[in-house]
Structure formats: structure tokens, C-alpha cells
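Values in this text are rule-based calculations from the coordinates and carry no lab data. Keep in mind the model is a prediction, meaning the values are calculated, not measured. Quick reminder, even Gly has a Cβ in these numbers, built from the backbone with ideal geometry, and neighbours come from all protein chains shown.
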Amino acid sequence: MRRKVIAGNWKMNMLPNEAIDYIQAFEPLVKDAKAEVILCVPYTDLFYAIMNAQNTNIKIGAQNVHFEEKGAYTGEVSAQMLKAIGVEYVIIGHSERRQYFAETDETVNKKIKAALANGLKPIVCVGETLEQREAGKTEEIITSQTRLALDGLTPEEVKGIIIAYEPIWAIGTGKTATSDDANNSIKAIRAEIAKNYGKDTSEEIIIQYGGSVKSTNAKELFNCSDIDGGLVGGASLKPEEFAKIVKYDE
Ligand code: 13P
């Protein structure tokens, strides 16, 4: 039985003092949650978030990482740097980074390898645009993104990765995939992983849904056979609302 993993992606929101206030309000609300809870925060909040989440069940993640170890890459942050301050997770290949910052399947693959080499757990995003969906290409797109992202990894490494299926048309739009649609897309991703890494791996890997998840739709989504939790944007910015999502089963 796979565990549920529910991660908030704050994107480019929250100052350090706001992050500290958030965690202080959020911690008592989720301390007995059954799901694993992760907050993926801006770089500038990471240290404060880690200090304030110490000795709690809240894990802290970054939202990006560079694939090189070190060197002349002005403005970038390496996996080793994140690990050194106690970061545990890192989002890789979010559609906003693919769209606005020229990330490709190839850089996503390199970033995953850098993260794993430094003991960070990647949360890898895949998802189709509205145009691709309307052209009937959803499955082709998400299975190819999955295959290329994981290229060259061992089944053991793949088991330690989280995939977030985030249909781009559902991000920040208030439009959610129906739970059946989301579940079927995630089944297709699992089948692709079974093909390349074996059934064991495909049954163990955590695959989340993301895109306009709220406290009112979390339960229906997360109760689906193949949806192992969510990656939550806007609704993770309020501790009370995000706590309701984390405790969707109560
Ligand atoms: P929203 O929950 O705001 O739609 O964002 C989803 C997302 O992009 C999480 O990574």
C-alpha cells in the first residue's frame, strides 16, 4: 500500500517572516496527519522553514536546483548547497519552469540525477497543455516526459522519486481534471514506468496529482486508486486551507 504524500508549492510567494508565521500556525493543525506533508518554499525561505519545521512532521523542499555541481553559473543553486542546509525534497521540471525558463526533458533528467547524487528527493512534474489534450495527445506527452525524465536511472532510484502529474490547463485556473481523468493519466504514467523499470517499481512509486487542488476536491481526487496525494499551489498558501487538504480523509 503506497503512502499519501501532499506537498505545497508556494511558488514565488511568502517572505521569511510569513513563512515562519505560516509554519507556526500550520504545525499544530497537521501534527497528527496520516499523509506525509511537504512545503516547497522559495530559496530565501528555506533556511527559516527548515529551522521552524525541526522536530515536526513537516518536510521542506526547494522548487528548483541546478544540475552542475559548482562553478560559474551566476544565480544558480546546486543540489549540494540545498542538501547542506537540510533540504529534503526538490521540485524538478515544473511546467512554469519549462514554459518561462526554457527547461527541457534533458535538463530535467540532469537535474534529477544531480538531486539523487546528493541525497535530495525529486518531485518531478509532467503534464500536457490544453492544446495537446484537445489533440488527443495527453498520454503520448506525459509518458514521453516521464520516460525522458527518468532516462538512465535504476529501478531503485526511480522508486525514490515522486512524480506529480499536473495538467497545465488545470494549474491556477480553478479547473481541475475530473478524478477519473487524473486517475487514468496517472495509470498511464505508471504503465510507462512498469514497461521500463518493472511492475514492482511502478507499484511503489508515488504519483501525485496537481492543478487547482482545494479542500473541497482533495478527498475525491486522493481517494482514487492511483493518485497518491497532491502537489498544491494556490491553496497551500493559507495554513488552514492546506491543513484541510492534508487531512482530506477526516
Ligand atoms: P494550483 O494548485 O495553484 O493550480 O497550482 C498547481 C501547481 O502548479 C503546483 O505545483
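The residues in the stretch 216-242 that are more than 12 Å from the ligand (Cβ to nearest atom), surrounded by 19 or more Cβ atoms within 10 Å (Cβ to Cβ) and in a helix (DSSP H, G or I) can be counted, and the count is 2. Just one of (1) within 14 Å of the chain's Cα centre (by Cα); (2) closer than 21 Å to Val37 by Cα fails for Lys219. It is (1). Right, Thr178: among the β-branched types (Val, Ile, Thr), over 14 Å from the mean Cα position of the chain (by Cα) and within 16 Å of the ligand (Cβ to nearest atom) or not? Against the criterion (among the β-branched types (Val, Ile, Thr), over 14 Å from the mean Cα position of the chain (by Cα) and within 16 Å of the ligand (Cβ to nearest atom)), Thr178 qualifies. The set of residues in the stretch 191-202 being under 18 Å from the mean Cα position of the chain (by Cα) and either among the acidic types (Asp, Glu) or crowded, with 23+ Cβ neighbours inside 10 Å (or both) consists of Ile193 alone.
Restricted to the stretch 122-159, and to residues that are surrounded by fewer than 17 Cβ atoms within 10 Å (Cβ to Cβ) and of a type in the set (Gly, Ala, Ser), which residue is nearest to the chain's Cα centre (by Cα)? Here the answer is Ser144.
Of the residues making up the stretch 188-215, those that are among the small types (Gly, Ala, Ser) and more than 16 Å from the ligand (Cβ to nearest atom) are Ala188, Ala191, Ala194, Gly198, Ser202. Candidates are the residues of the stretch 77-128 that are hydroxyl-bearing (Ser, Thr, Tyr) and away from the ligand (no atom under 12 Å from the Cβ); the one that is farthest from Ile205 (Cα to Cα) is Tyr100. Is there a residue in the stretch 164-172 that is free of Cβ contacts under 8 Å to residues at least 40 places away in the same chain and under 15 Å from the mean Cα position of the chain (by Cα)? No, the stretch 164-172 contains no residue that is free of Cβ contacts under 8 Å to residues at least 40 places away in the same chain and under 15 Å from the mean Cα position of the chain (by Cα). Applying the selection to the stretch 25-44, what residues are aliphatic (A, V, I, L, M) and either under 21 Å from Lys121 (Cβ atoms) or within 16 Å of the ligand (Cβ to nearest atom) (or both)? Correct list: Val30, Ala33, Ala35, Val37, Ile38, Leu39, Val41.
Scanning the stretch 138-196 for residues that are within 19 Å of Lys4 (Cα to Cα) and basic (Lys, Arg) returns Lys159, Lys187, Arg190.
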